[in-house]
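Note sheet for the following structure.
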Amino acid sequence: MNATRKPSYDVAWKERYASMIATPGEAVKRLKPGQRIFIGTGCAQPQELVRALTARSAELPDTEIVHLLTVGAAPYAHRELANTFRVNSFFIADNVRDVIQEGLGNYTPIFLSDIPRLFSSGQLPLDAALIQVTPPDARGMCSLGISVDIVKSAAQNAGLVIAEVNPRMPRTLGDSTLSVHDLDVLVPVDAPLLEFAPPGPGEEACRIGELIASLIEDGSTIELGIGRIPPAVLPFLSGKTDLGIHTEMLTDAIVDLVEAGVITGAHKHLDRGRIVASFCMGTKRLYDYIDGNPMFAFHPTEYVNDPFLIGQQHQMVAVNVALEVDLTGQVCADSLGTKFFSGIGGQVDFNRGAARSPGGKAIIATSSTAKEGTVSRIVARLSPGAGVVTTRGDVHYVVTEHGVAYLHGKNVQERALALISIAHPLFRAELLRQAIEAKYVRQEMADVEGRILVGPNELKTTMLLDDGTQVGFRPIHPTDEPRMKDLFYALSKETVYYRFMSHMKRIPQKQVQNFVYIDHRNEVAIVATLPEAHGEDIIATGGYYLDARTNRAEIAFVVRDDWQERGMGTFLMRYLITIAKRNGIAGFTAEVLRQNKAMQAVLHNCGCKVRSRLNGDVYSFELDFA
């Protein structure tokens, strides 16, 4: 509890409810052999009761311990007690992973939103629940504090509820309370709550966080799942406005953004102006901040994780993690092959909810490699025994430190190429070979082996046209192949002739590949894009190819007819000059038809020293940057 605040509870509660009070040892004596016992979640784990329970291990054979995610010591999960306490976890934390992977405990794969129904329906009846709450207030209401999640449902459906009553537990608002009369035994404690300070995100996670942040628009509502990567998004949101939060878990990182005014929830369709969560794992700073804070609303899992409610939020963005993603888009998030590692959690709940939200984005994030770079997380096929958490039909965005792949509505070849392009460069050639072997992509795609590269992110820029339209400029991407075809077929016959010096009626597949699959060093290609419902349209492209013998690059570009005479050609020219100068190139060359006056004007007015000569119907230009 915040020391500067008056107690939010009835200071005489021990006298008022004296008949319900017991010590930890006395309380657990009410437990019997063969029972199923629920233990509270995360940093709200009732530590004294867990110790007292474990101390009675010899008297409680065949006891099943059920929980979601626990932090700190789990003495009941030791190998020597496996014949007494059988762990059954809905999400696997570090403290129980070994016994479960060794077959001495169990993992129940289930959507987080479904767990409360297991309890209430009697499908998984609970004999007892060990939880932690605040002292009761004047109305006899105890707050579940930092862990409401499935704890409230467990307490409402267990035959016996034993609660540690801790004045240091923050009183959170929302649907987070139980009547003291819904508890059977009260165990007074006065001890610090467990704290959780995750390790630093690292360079890869920060890069992924930055890419994800670029997908989040002002006014969006965000969910950040469990793992190293989701919290790494938060520092990159400092320039956003009016973000909302509707998430399972909160960490300390939320505080700075709230105090900076970045998170206001002003555009949320549900719980406007309030940060909604079901539990938090952090430090005393966070616990003090949420204590009695009306901006925070803690709700049970059946509310927070309801995909229908999530889908009603404004521009809902869900960020969750993967252990493996195969080239068709299947996401494994709970196992490493046959070894269970974590859990399904709320990934599917939020992924599906965000996908149905107007303007929403469902994002799966993963580093491109594991085991110190020796294993690719983007794989041709999932490891034997790996389970699919998010199906290929549910996946939308996949993000690694090498870029963003958008898969929804894409065919298998488009998916495979997009995922290969964001895999680690060391694994792209092998992934392409495996994709061809699996018939995910056409055989002729073997020609692009070694050329599936993503351009530098720092080459992105924008141009504001006179009418206020903002056009984005970025390096060409391997997945731009269909968009480049669309651009070609949108050009007039005259523009096609000016660009290719030929009356082409179709563009060969090989030529499209040569546009798209480039090394971004000797070859550079920039595309101008406009956002559309299906992703984006390419309305112009420009690039150069370096002749290493002369240190000059041949330049060419084309603008779609309906966007010509808007200054885009001049912008592309100047931008390509900037890029070429950075790369130490001495100048450009260009071949331009005599009739193409617009291109000639762009070259003559580019700010370089220009020489040209006419050979028949073609001008040959040389441009010196110096």
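The values are calculated or read from the model by the stated rules, or taken from the named source; none is laboratory data. Keep in mind that this is a model prediction, so the values were computed, not measured. Here the Cβ is made from the backbone with ideal geometry for all residues, glycine too, and neighbour counts use every protein chain on show.
Which members of the stretch 455-494 meet the condition of being of a type in the set (A, V, I, L, M, F, W, C) and in a loop (DSSP other than H, G, I, E, B)? If you could, list the steps in order and put the result at the bottom.
Step one: of the stretch 455-494, the residues of a type in the set (A, V, I, L, M, F, W, C) are 459, 463-465, 471, 473, 476, 484, 487-488, 490-491.
Hits for the stretch 455-494 are 465, 476, 491.
Please enumerate the residues belonging to the stretch 494-528 that are β-branched (Val, Ile, Thr), out of contact with any Ser or Thr (no Cβ under 6 Å at 6 or more places or on another chain) and within 12 Å of residue 475 (Cβ to Cβ).
Of all residues in the stretch 494-528, those β-branched (Val, Ile, Thr) come to 495-496, 507, 512, 516, 518, 524, 526-527.
Now narrow it down to the ones that are out of contact with any Ser or Thr (no Cβ under 6 Å at 6 or more places or on another chain): 495-496, 507, 512, 516, 518, 524, 526.
Within the stretch 494-528, 516, 518, 524, 526 qualify.
Listed here are the residues, each with its yes/no results for (1) within 17 Å of residue 475 (Cβ to Cβ); (2) of a type in the set (Phe, Trp, Tyr); (3) in contact (Cβ under 8 Å) with a residue 12 or more places away in the chain; (4) in a loop (DSSP other than H, G, I, E, B).
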| site | (1), (2), (3), (4) |
| --- | --- |
| 556 | yes, no, yes, no |
| 566 | no, no, yes, yes |
| 569 | no, no, yes, no |
| 574 | yes, no, yes, no |
| 589 | no, no, yes, no |
| 592 | no, no, yes, no |
| 599 | no, no, yes, no |
| 602 | no, no, yes, no |
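In the stretch 391-409, which residues are under 20 Å from residue 536 (Cα atoms) and small (Gly, Ala, Ser)?
403, 405, 409
Wholly within the stretch 1-120, which helices (runs of 4 or more DSSP H) include no fewer than the required count, namely at least 1 residues that are buried (at least 17 other Cβ atoms within 10 Å of the Cβ) and of a type in the set (A, V, I, L, M)? Please lay out each step first, then the result.
Values: elements: 13-16, 24-28, 47-55, 94-101.
It comes to 24-28, 47-55, 94-101.
Six or more apart or on different chains, Cβ atoms under 7 Å: show the pairs whose first residue is in the stretch 48-61 and under 15 Å from residue 86 (Cβ atoms) and whose second is in a loop (DSSP other than H, G, I, E, B) and of a type in the set (Val, Ile, Thr).
Once the first residue is under 15 Å from residue 86 (Cβ atoms) and sits in the stretch 48-61, its partners that are in a loop (DSSP other than H, G, I, E, B) and of a type in the set (Val, Ile, Thr) give 57/84; 60/84; 61/84.
Out of everything in the stretch 197-221 that is at pLDDT 90 or above and among the hydrophobic types (A, V, I, L, M, F, W, C), what residue ends up being surrounded by the fewest Cβ atoms within 10 Å (Cβ to Cβ)?
The extreme case among them is 206.
Filter the stretch 391-423 down to residues that are over 13 Å from the mean Cα position of the chain (by Cα) and part of a loop (DSSP other than H, G, I, E, B), then give me how many there are.
Summing the residues that are over 13 Å from the mean Cα position of the chain (by Cα) and part of a loop (DSSP other than H, G, I, E, B) in the stretch 391-423 gives 11.
Can you tell me which residues in the stretch 293-337 are closer than 23 Å to residue 373 by Cβ and surrounded by fewer than 20 Cβ atoms within 10 Å (Cβ to Cβ)?
Listed by number, the residues that qualify are 336, 337.
Can you tell me how many residues in the stretch 121-156 are surrounded by fewer than 17 Cβ atoms within 10 Å (Cβ to Cβ) and either in the same structural domain as residue 310 (by TED's automatic domain parsing) or among the polar types (S, T, N, Q) (or both)?
Count: 3.
Read through the list (1) under 30 Å from residue 385 (Cβ atoms); (2) touching a residue at least 24 places away in the same chain (Cβ under 8 Å); (3) not hydroxyl-bearing (Ser, Thr, Tyr), then give the number of the only condition that residue 106 fails.
Here residue 106 clears every test but (2).
Pull up the stretch 570-626, narrow it to residues that are aromatic (Phe, Trp, Tyr) and within 15 Å of residue 501 (Cβ to Cβ), then point me to the one that is surrounded by the fewest Cβ atoms within 10 Å (Cβ to Cβ).
Within the stretch 570-626, the first condition is being aromatic (Phe, Trp, Tyr), and the residues that meet it are 571, 575, 588, 619, 621, 625.
Going one step further and asking which of them are within 15 Å of residue 501 (Cβ to Cβ), we end up with 619, 621.
On the way: 619: 18, 621: 22.
Of everything passing the filter in the stretch 570-626, 619 is surrounded by the fewest Cβ atoms within 10 Å (Cβ to Cβ).
Can you confirm whether residue 159 is surrounded by fewer than 22 Cβ atoms within 10 Å (Cβ to Cβ), farther than 19 Å from residue 346 by Cβ and touching a strand residue (DSSP E or B) at 6+ places or on another chain (Cβ under 7 Å)?
Working: surrounded by fewer than 22 Cβ atoms within 10 Å (Cβ to Cβ): yes; farther than 19 Å from residue 346 by Cβ: yes; touching a strand residue (DSSP E or B) at 6+ places or on another chain (Cβ under 7 Å): yes.
Against the criterion (surrounded by fewer than 22 Cβ atoms within 10 Å (Cβ to Cβ), farther than 19 Å from residue 346 by Cβ and touching a strand residue (DSSP E or B) at 6+ places or on another chain (Cβ under 7 Å)), residue 159 qualifies.
Checking the conditions here, which among 416, 435 is crowded, with 23+ Cβ neighbours inside 10 Å and farther than 28 Å from residue 209 by Cβ?
Values: 416 fails: farther than 28 Å from residue 209 by Cβ.
Residue meeting the stated conditions: 435.
Output the residues belonging to the stretch 533-562 that are of a type in the set (D, E, K, R) and within 25 Å of residue 493 (Cβ to Cβ).
At the first step, the residues of the stretch 533-562 found to be of a type in the set (D, E, K, R) are 536-537, 547, 549, 552, 554, 560-562.
If the condition is that a residue be of a type in the set (D, E, K, R) and within 25 Å of residue 493 (Cβ to Cβ), then 537, 554, 560, 561, 562 are the ones that fit.
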